[in-house]
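A quick write-up on the structure given underneath.
Derivation of every value follows stated rules applied to the coordinates shown; laboratory data play no part. Because the structure is predicted, anything quoted here is derived from the model rather than measured. Counting neighbours? That spans all protein chains shown, and the Cβs are built from the backbone with ideal geometry, glycine included.
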Amino acid sequence: MTKREYFDIVSKKGHLTKKAAAEAIDVFLDEVTRSLKKGERVVLSGFGTFYISKVADKQIVPFGQEEKRTTIKSHRVVNFHAGKPLRKAVW
């Protein structure tokens, strides 16, 4: 499903204009992004939790090319843990 399709659904079910629905969704996504950038957890009850974890440095070796070791620097990644109602719905 695309972002535009979400705009349409929210505008119909929320009795909003498409522009208002788009603004509401954009504000929601901006706030989730801002919270994750700060390292905060984002908990949506009944849906799940978004959180940041740090991946340590690691060395990779392309298959069959032992002399070409490459290091991937440590970085942060976004993780998602589905809530119980969501897990049950898709099970």
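With a Cα cut-off of under 17 Å and a minimum spacing of 8 residues unless on different chains, the lysine pairs in the chain number 9. Relative to the dominant Cα principal axis of the chain, helix 3-13 is inclined by about 30°. Placing unit charges on each Cβ (+1 for Lys and Arg, -1 for Asp and Glu) gives the chain a dipole about its Cα centre, and among ALA56, PHE28, HIS75 the Cα reaching farthest toward its positive end belongs to PHE28. Each peptide in 19-30, 55-66 was scored by the mean count of other Cβ atoms within 10 Å over its residues; highest first, the order is 19-30, 55-66. Helix 18-37 and the longest principal axis of the C-alpha atoms of the chain enclose an angle of approximately 30°. Computed about the Cα centre, the dipole magnitude for the chain is approximately 180 debye when only Lys and Arg (+1) and Asp and Glu (-1) carry charge, each at its Cβ. According to the square roots a ≥ b ≥ c of the eigenvalues of the Cα gyration tensor, what is the shape class of the stretch 41-91, taking rounded for a/c under 1.5, prolate for a/b larger than b/c otherwise, and oblate for the remainder? Oblate, since a/c reaches 1.5 and b/c is not below a/b. Each Cα pair under 8 Å and six or more residues apart adds its sequence gap; the mean of these over the residue count of the stretch 41-91 is a relative contact order of 43 percent. With an a/c value of 1.5 or above and a/b larger than b/c for the gyration tensor axes a ≥ b ≥ c computed over the alpha-carbon atoms, the chain is described as prolate.
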